[in-house]
Amino acid sequence: MKEIYLGVDVGSVSTNVIVMDSDNNVIDTLYIRTKGKPIEALKMGLGQMKSRLGENVKVLGLGTTGSGRHLAATMLGADIVKNEITAHGVAALNIVPNVNTIIEIGGQDSKIILLRDGIIYDFAMNTVCAAGTGSFLDRQAERLGIPIQEFGSLALKSKSTVRIAGRCAVFAESDMIHKQQLGHNQEDIINGLCEAMARNYLNNLGKGKELKPPVIFQGGVAANIGIKKAFEELLGCEIIVPKYASVMGAIGACILAKEEVKKRGKTKFLGLNIADSSFNVQSFECDSCPNMCEVVKFYRDENLAARWGDKCGKWSNVQISQNDEKLA
Amino acid sequence: MKITFPHMGNTYIALKVIFEELGAEVVIPPKCNKNTLELGTLYSPELMCIPFKITVGNYLESIEKGADTMFMWGGCDVCRIGYYNTLQKDILQSLGYEIQMFCLEPMKNINDVKNFLKKLSFVSGSKNYIKVLPIFIKGLRTLYEIDELDDLVIKIRPRELNRGAVDRLYSSFKEDVNNANGYKSIVETIRRYKEKLLKIEIDKDKEVLRVGIVGEIYTVVEPFINQYLIERLGNMGVEVHRSVTSSEFIKEQLDFIPFLKSDKEEVHRGAKPYLNTEIGGHARHTVGNTVLYSEKNYDGVIHLMPFTCMPEIVAGSILSIVEKDKDIPILKLVLDEMTGESGYLTRIEAFIDLLLNRRESKFYERDISWS
Amino acid sequence: MAIKVGIPKSLLFYEYYPLWISFFEGLGAEVIVSDDTNKEILDIGVKASIDEACIPVKIFHGHVINIKDKVDYLFIPRIKSLFKNEYICPKFSGLPEMIKSSIKELPPIIDVEINFFKSKKHLKDTVIRAGRYVSSSNRVIMSSYNRAYLEYKKHRKKIKEGIINELTGADIVKNNIVDVRKVMVMGHPYNLYDSYLNMNLLNKIKQNEAKVFTPEMIDDKYLNKYVKDFDGELYWTFARKLIGTALYLSHKECVDGIIYISTFGCGIDSVVGDIVEKLIRRNSRIPFVHISLDEHSGEAGINTRVEAFMDMIKWRDVLEDNISAHG
C-alpha cells in the first residue's frame, strides 16, 4: 500500500489538489477552476483524485492553504491550515534550498517572498491591484482573442516596445485599447502588457527590497514565458520556473502537513471517502448590529459542522452541539 | 561644483540665471520624459506625490550628466514638501551618489532672505552675501520675464490664424534659451521672442472659451506632469489662465517687502466664505482663485492635483460647493505616473464641449430675455 | 434639558476622548459619541466624501452622519497644531470645511481652531472659545478643562503603566514572559484602535501568541531622546512619534516584530511609512511588514499577512536557537 500526503490550495480562481509521497516527490497534481464555488470545486477535485489514485493508497495527512483554507479544513479535516505565503515559501525551499527570492503571481493576488539562509525574512502581498494578477491576463487574452497559453510566446515575437500604463486594471485596459487604436501590432501590445505587469510588480511589491538570485517564479502566471522574460530583463538574472509552478501552494501545505503528522502521530483527515459526502451551506444576515454580517452555516451530511462570517464571534465561537459530526 | 535643479515648468530658466551669474557650472536636467518619471517612480515611496517622483527623476538624470549639487525649495509646511529634501537626499545617497543638497526655505522676513543669500554666496565661494543680492534680483526679473512670455503664449495660441505658429516659435525659443548663458543673454532671448510672438497673426475678434487653472503649483506649471494641458487647451481654441505661477508664488513669499505687491489678499478674500485659513500647500489659493474666476465670468475651472495630495483633497472637497454656489463648472484632474493619456484627453474634450454648450445656451437665454 | 454635544468616534478622538468627553460633560452638556465604526458608517462615509480622501477621513464623514441628527452641536475642532513647531495634517486643518461641503443639514459645528504651532500661550483662549458654546462662565469652563486634563493624564498613564518597563528590556525576565513574543503595531491611533477599520488586527496578533504594543506605550522622554538622531526636520506630530518609535526600537531591538498599518492615500504614511521601514531594516534585524488598508481590503488578505508574519517570527526563533546550539 502506497503511503501518500495530500495538499489542497483553494483560491478564488483555482482549486489545486496535489499528492506527494513520503520523500516529498510529487505524484499527481490536479487543477480545477473554482468559479466562485469552492465547495463544489474541492469536492470534484478530491473525487477525481480519489479515482486517479485507485484503491491501494493510504493518506497519512492533509494540509490546506489558499483563501479558502479554513473552508477546506472544515470540509476535509486538515492536519495543518497554513496561509499561502508560508506555504509558498516552504514549497520553494523544497525545490531550491538556497532560494533567496520568490515571485508569486496567482489568479487573484501577487506576492513577493524574500528568504535568507533558508528562512523567510520579508514578504509583501498585493490584493488590491487586479492589474498584476492572472485574472487580468486571462481577461485581456480573451479580449484579444488569443488563447492564454499562447500569450507568452506571442510576447517573445515582439520587435518593438509599447508602453502600457495603469495602476489598476481599468486604466491598464483602457490604455491598452488606446494603444490598439493607435495601430500597434498585437505582439507588441502583448509584450507591453507583460512588461507593464513585471514593472508594476517590482515597483509595487519589490520597492526598496533587495531581490537577490536565485529567483523562483511561481503561481499560475509563471507559465507565461513573456512575463518570465520581462522579469529576467528587469532583474538582470536568470529566473527559475519550477515544474509544478502553478501548484506550489498546495505542495507547501502538503509538506507542512507531513511534518505536523510526524509530530502528532496521526492525521485529522477524514478520509478520501469524504468526497462522497454532501456539503451544504446556508447563510443569513445577522441583524444584531449595523454591520449586518453575512453568517454562513456549513453542513456536512446534513449536520451543522461550522459557522463563520460574523465579525463579533457571536455565531462562530459557539460550540456546535452535535458532537458526533466528525463521524458523519 | 556642478549644480542642478528640477525644471518646474520654466522656473529653471531663472535658476539658471542665478547660478550662472554666481559663477557655478549649471547642469540642466534633460527635458522631463518617460524615463525621468520611470526613474523617479522606481526610487520613490509608492504613494508619494508626483512632483516628488519627477524631481527625483530630474536629479538622477542630471547626475548622469555630471551634476553633484542639487537645489530645491522646501521647508516646513503642513504638506509633504518639507520632507522632500530629507527623503531625496537619502534616496540619492543610498544609491551611492556623493552629492550635496541645498534648499530654499520659505521666506517670511528679511532675515530669511539674508539666510538664503548666505547659502547662495556659498555657491559663488564669496563670503559677502550682500554681493549676491543683485544676482538674486536678476533671477527674480528673469522669472517675471518668463512668466510674462508664457502668459502671452497662452493668450495668442487660441487666436492664431496659422495653426501651430505659436508652438513652432515656442520650441525654437526653448532651444535658444537653453543655449543662452547669463542674465543678459537669457533676458534678451526672452524679449526677442516676445516681439516675435506679438507678430503672429491672430483673429482678434475670435470668441474663445476662458478656462482658469487652479491647483497644486507643480502640477500647474510643469507641462510634463499635466500632460501639456495648457498647450492642448490652447490648440483647442481655449484661453487659459494659470492662477498659480512661480513668479506669483515668489511675490507672495516676498510681499513683506514694501514695493512688492501680490494678489494674495484678493485670493484670500475670495476663499474667505469657504476656507479662511492656510491649511498647507495651495489649498486656499485653489478655493480663492476658483471664486475669483467665477467673479470674472470665466467659462470653467480645471482643478489639478497630484494623486494623494493632502491640501488639494481638502480643496477639492470644498470646490464641490463652490461649483454649485457660483454656478461654474469645475473639472478635477488627478495626476500621477499612472494617468493614461486616452482617458485624460477624453475628459478634457468632454469638459470643453460642456462649456461650449453652456455658453451657447446662455446666449440663447439672453436672447429670449431681450425679446 | 442639557445641551447635546456630539463627538464623532474617529480620527483624534482615539487620542483625546477622555479630555473631550469630560470637558463637555463638566460643563453640563450631554455628550453623544457616535457608534463604533461599522459597515453602515463606512458605507455612508465613503459615499459622502471626496473620492481621493483617505479612509480615516471618509469614515469620519460616516461618524458625523451617524450622530448629526441627534445633537445640538457637533465638536469638529480645526486641529492645526498640537505642539510647538509641529503640524498634524492638512486634512485635519480643513476638516470642518470638508464636512460642511460634503454633508447637508448639519447642526452648528464647534470648529474652534487648535493651533499651538508658535506656542501654547493662547490655550486658555482656545478652551474658552470651545466652552462658550455650552457655558457662559469662563471660570466654569476653565475648571472643567483642568479636571478634564487630569482625566486625560490619568488615561495616558494607564496606557503606559507596566508596559514601558517590558519594552525597555530589563524587566522582561522578571515578568516571566520569556516565551511570549512581542509585536509592535505602528500607525496613527485612529488606524490602530478602530478595530473595524483594521479588521481586528490587534486581536489577530494576540491570537497568534504574541503581546501587542503600540507607540502610545512608549514614554515621550524616550522618543525625544532618539528623535534627536534623525537627520531631517520632523514637523508632523505623527512623524515625530512614529519615527521616534522606529529609532527607539531599532536601537533597543526589544520586540520580535513590527507591523506598520497605513491607509491607502494617506500622505503622511507615504513619507513616514517609508522612513520607518528604512530605519528598521537598516539598523535592526527585527522582522517588519507594512500593511496598507483601504475600503476594499478583504479580511482574508489581512489574515494571511498576519499569519505569515507570525510564522516568519517563529521560524526565525528556531533558526537562532539552532545557531546558538552550534556555536
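A short reminder: the numbers here are calculations on the coordinates, not readings from a lab. Computed from a prediction, not measured in an experiment: that's the story for all the values here. Cβ coordinates were reconstructed from backbone atoms using ideal geometry, including for glycine residues, and neighbour counts include every protein chain displayed.
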From fewest to most C-beta neighbours within 10 Å, the residues A:W315, B:W73 line up as A:W315, B:W73
Taking chain A as the reference, fit the longest principal axis to its C-alpha atoms, fit the long axis of helix A:225-235 to the helix C-alpha atoms, and give the angle between the two in degrees, 0 to 90, nearest 10.
-> 70
Volume per residue that the Cα convex hull of chain A spans, once the total is divided by residue count, Å³ | 156
Relative exposure of C:M199, C:M1, B:M48, judged by other C-beta atoms within 10 Å (fewest first) = C:M1, C:M199, B:M48
Rounded to the nearest 5, the percent of antiparallel DSSP beta bridges in the protein assembly as shown equals 35
Taking Rh as the Kirkwood radius computed over alpha-carbon pairs of the range B:2-130 and applying Stokes-Einstein at 4 °C with viscosity 1.567 mPa s, one gets a diffusion coefficient in µm² s⁻¹ of 86
Which semi-axes, in whole Å and largest first, does the equivalent ellipsoid of the range A:238-286 have when worked out from the alpha carbon gyration tensor as the square roots of 5 times its eigenvalues?
-> 30, 21, 13
Using alpha-carbon coordinates, inclination of helix A:84-95 to the longest axis of chain A, degrees = 80
Suppose every K and R has +1 on its Cβ and every D and E has -1 on its Cβ; what is the size of the dipole of the protein assembly as shown about the Cα centre, in Debye to the nearest 20?
-> 1980
Cα-based equivalent ellipsoid, the protein assembly as shown: semi-axes from gyration tensor eigenvalues, Å | 51, 36, 30
Relative contact order in percent for the range B:2-130 (Cα pairs under 8 Å, 6+ apart) equals 24
Over 30 Å (Cα to Cα) among A:K179/A:K209; C:K221/C:K314; A:K207/A:K314; C:K84/C:K160; A:K207/C:K252 -> A:K179/A:K209; C:K221/C:K314; A:K207/A:K314
Give me the angle, in degrees from 0 to 90, between the Cα long axis of helix B:182-198 and the longest principal axis of the Cα atoms of chain B, rounded to the nearest 10.
-> 20
Setting aside same-chain residues fewer than 8 positions from A:K50, which lysines have a Cα under 22 Å from its Cα?
-> A:K2, A:K35, A:K37, A:K58, A:K258, A:K266, A:K268, A:K326
Projected onto the charge dipole of the range B:2-130 (unit charges on the beta-carbon of Lys, Arg, Asp and Glu, signs +1, +1, -1, -1), the Cα from B:F5, B:N109, B:V27 with the largest positive-side position is that of B:N109
Projected label distance in nm at A:M292 and B:R163, using a 7 Å step from Cα toward the beta-carbon = 5.4
For the range B:106-223, what is the charge dipole size about the Cα centre, in debye to the nearest 20, if Lys and Arg each add +1 at the Cβ and Asp and Glu each add -1 at the Cβ?
-> 620
So for B:Y83, C:Y145, C:Y17, fewest C-beta neighbours within 10 Å to most, what's the order?
-> C:Y17, C:Y145, B:Y83
Using the C-alpha gyration tensor of chain B, what are the square roots of 5 times its eigenvalues, in whole angstrom, with the largest one first?
-> 35, 23, 21
Given a Förster distance of 35 angstrom, what is the FRET efficiency for B:L42 paired with C:L150, based on the Cβ-Cβ distance and rounded to 0.05?
-> 0.10
By the scheme Lys and Arg +1, Asp and Glu -1, what is the net charge of all other residues having a beta-carbon under 13 Å from that of A:G54?
-> +2
Given H placed 1.01 Å from N in the peptide plane, which residues other than close sequence neighbours of C:K182 have an amide H under 5 Å from its amide H?
-> C:K211, C:D256, C:G257
Chain C - Rg and Dmax from Cα coordinates, angstrom = 21.0, 75
Would you mind checking which residues have amide H under 5 Å from C:I32's amide H? H placed 1.01 Å from N; only 5 or more apart, or other chain.
-> C:V5, C:G6, C:I7
Which whole-Hz couplings ³J(HN,Hα) result when phi for each residue of the range A:19-36 is put into the Karplus expression 6.51 cos²θ - 1.76 cosθ + 1.60, θ = phi - 60°, listed in order with x for Gly and Pro?
-> 10, 10, 8, 5, 9, 6, 8, 6, 9, 7, 9, 9, 10, 10, 5, 6, 6, x
Everything considered on the Cα gyration tensor (a ≥ b ≥ c; rounded for a/c under 1.5, else prolate if a/b is larger than b/c, else oblate), the range C:187-327 must be described as oblate
Short to long, in 5 Å steps from zero, the percent of alpha-carbon pairs of the range A:7-80 per bin is 3, 16, 30, 27, 17, 6, 1
Report the charge-dipole magnitude of chain C in Debye, nearest 20, computed about the Cα centre from +1 at each Lys and Arg Cβ and -1 at each Asp and Glu Cβ.
-> 1300
So for R0 = 56 Å, FRET eff. of A:C237-C:K225 from the Cβ-Cβ r, to 0.05, ends up at 0.85
Please name whichever of C:N200, B:P273, A:H178 sits farthest to the positive end of the charge dipole of the protein assembly as shown, dipole taken about the Cα centre and charges placed at Cβ: Lys and Arg +1, Asp and Glu -1.
-> B:P273
For the range B:234-354: Kirkwood Rh in Å [reciprocal of mean 1/r, alpha carbons] = 15.4
In terms of the Cα gyration tensor, with a ≥ b ≥ c the square roots of its eigenvalues, is the range A:46-159 rounded because a/c is under 1.5, prolate because a/b exceeds b/c, or oblate?
-> oblate
In whole Å, what are the Cα extents of the range A:97-241 along the three principal axes, biggest one first?
-> 49, 29, 24
Mind checking which of A:T133, A:I240, A:V261 is farthest towards the positive end of chain A's charge dipole, using Cβ charges of +1 (Lys, Arg) and -1 (Asp, Glu) about the Cα centre?
-> A:V261
